[in-house]
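The block underneath contains the structure these notes are about, expressed in structure tokens.
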Amino acid sequence: MTASTPPLRPFATYEDLGYRDVFWARRTYEDACDRVALRALLPPSGGRLIEVGAGFGRLADEYAGYGEVVMLDSSEVHVAAALETLGDDPRYQVVLGDAAALPFSDGYFDAAVCVRLLHHFGDPGPIIAELGRVLRPGGVLVLEYANRRNLKSIVRRLLGRQSWSAFGLGAVEYKPFHYDHAPVTIRRSLRAAGLAIERMRAVSLFRLRGLSGPRTATALARLEEHLQEPLGPITPGPSVFVLARKPSAG
């Protein structure tokens, strides 16, 4: 099913399936690394789960252990594509909706996932607040964000090839409607939403032109699997995955 009211979209919309058929078709390595991090952080089974910014359903097969799964996105094209793929499975509900105004009651979900969405928002606070609102006490959030303080940005700054500091606060718009976020900003937003960080993983560590091509993707992902957790707290990767929990009542 889909939501009846079109969502507000403060970023460039995805009006075709190029994101699925072009962008992700060329990113075998990044897809594998996202899945490594998600499997390591997300409990393998549970009751209700929502993925916010689910797109065309790229990660839907990672939620096989959940009894009810909501896939929410603001792109009508992506929602239609997800419906085509998942519509026959009664466990999945595909919803057109706004990440900043989720159409669900407080504490409705046991788990929430948000991957490759926050980089479209200069202020991640409202999105994180909504994710925290719809989680039940004791529920978990797996959140990914594009990391301002990554090693590549630090090196580029030192070489004079980048105008902004990787250690600055807040978000930096590295291209229109795409933002890298400072780790401290994400931590503060999670805390404000009543969520406590339990674990972090540094992801896509080898995302370099010419290095993470299709031929090397599997080998690099296997190597990264052993590095994501120990390097998580120092956030050297361009992408960071966080496991946060909503404290249990009392």
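If the Cβ limit is 8 Å and pairs must be 6+ apart or interchain, which residue in the range 201-214 that is of a type in the set (A, V, I, L, M, F, W, C) pairs with which residue that is modelled with pLDDT under 85?
What qualifies is F206/S212.
Name the single residue that is surrounded by the most Cβ atoms within 10 Å (Cβ to Cβ) among those in the range 103-129 being small (G, A, S) and under 25 Å from D31 (Cβ atoms).
A112
Only residues in the range 24-49 that are part of a helix (DSSP H, G or I) count as the first member; pair them with residues that are surrounded by 22 or more Cβ atoms within 10 Å (Cβ to Cβ) and polar (S, T, N, Q), Cβ under 6 angstrom, at least 6 apart or cross-chain, and list the lot.
Y29/S212; E30/S204; C33/S204; A37/Q228
Inside the range 173-201, can you point out the residues that are in contact with a strand residue (DSSP E or B) (Cβ under 6 Å, 6 or more places away or on another chain) and buried (at least 20 other Cβ atoms within 10 Å of the Cβ)?
Correct list: Y179, D180, H181, I186, L190, L195, M200, R201.
Checking L220 against (1) in contact with a helix residue (DSSP H, G or I) (Cβ under 9 Å, 6 or more places away or on another chain); (2) closer than 30 Å to P137 by Cβ: exactly one of these is not met. Which one?
Against the list (1) in contact with a helix residue (DSSP H, G or I) (Cβ under 9 Å, 6 or more places away or on another chain); (2) closer than 30 Å to P137 by Cβ, L220 comes up short only on (2).
Would you check which residues across the range 36-45 are within 24 Å of L208 (Cβ to Cβ) and surrounded by 18 or more Cβ atoms within 10 Å (Cβ to Cβ) and list them?
If the condition is that a residue be within 24 Å of L208 (Cβ to Cβ) and surrounded by 18 or more Cβ atoms within 10 Å (Cβ to Cβ), then V36, A37, L38 are the ones that fit.
The values are calculated or read from the model by the stated rules, or taken from the named source; none is laboratory data. As the structure is a computational prediction, the values presented were derived from the model and not from experiment. Methodologically, a virtual Cβ is constructed for each residue, glycine included, from the backbone with ideal geometry; neighbour enumeration extends over all protein chains shown.
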